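Enquirer: Next up is a structure, given as structure tokens.
The values are calculated or read from the model by the stated rules, or taken from the named source; none is laboratory data. The shown structure was predicted, so the numbers you read here are calculated from the model rather than taken from an experiment. Note that we place each Cβ from the backbone using ideal geometry, even for glycine, and neighbour counts take in every protein chain shown.
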Amino acid sequence: MTSELEVLELLEERVQRATELIRGLRKENLELKALAKDAEARLAKSQETITKLEEQSRRGDEVTRQLKLLQEERQEIRGRVTRMLETFAAMEETPASGHADN
């Protein structure tokens, strides 16, 4: 009978250890689920940030393109104004024939 009691005590110890192990694993599982949820939230926030940065980059590219166009237009206008001023200057230098100065 002693051996049956010893076997029963060993079995009881094993059940106790298995129960503690299960409790520990459940706790660890909950902690890991919380970490995973936190990681998913951070990932979603990072993806939102990336999307916003990509949009800002696209807007920046558009602004750069518009700036380049405006600079080109400015150069064109500057060239035209210079040619007009040169034309006016040339008109002032050559007296008109048949017109008397007052």
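Enquirer: Looking at Ser46, Ser3, Ser57 in this structure, which one is exposed (fewer than 10 other Cβ atoms within 10 Å of the Cβ) and without any contact (Cβ under 8 Å) to a residue 40 or more places away in the chain? Let's see the steps before the verdict.
Expert: Numbers: Ser46 fails: exposed (fewer than 10 other Cβ atoms within 10 Å of the Cβ); Ser57 fails: exposed (fewer than 10 other Cβ atoms within 10 Å of the Cβ).
Result of the check over Ser46, Ser3, Ser57: Ser3.
Enquirer: Moving on. Looking for whichever is in a helix (DSSP H, G or I), on the phi < 0 side of the Ramachandran plot, modelled with pLDDT under 95 and acidic (Asp, Glu) here; the options are Glu4, Glu73. Which one fits?
Expert: None of the other options fit; the residue is Glu4.
Enquirer: May I ask you to say which residue of Ala90, Ala39 is of a type in the set (A, V, I, L, M), in a helix (DSSP H, G or I) and loosely packed, with under 10 Cβ neighbours inside 10 Å? Even if it seems obvious, please write down each step before you answer.
Expert: On the way: Ala39 fails: loosely packed, with under 10 Cβ neighbours inside 10 Å.
Of the residues listed, the single one that is of a type in the set (A, V, I, L, M), in a helix (DSSP H, G or I) and loosely packed, with under 10 Cβ neighbours inside 10 Å is Ala90.
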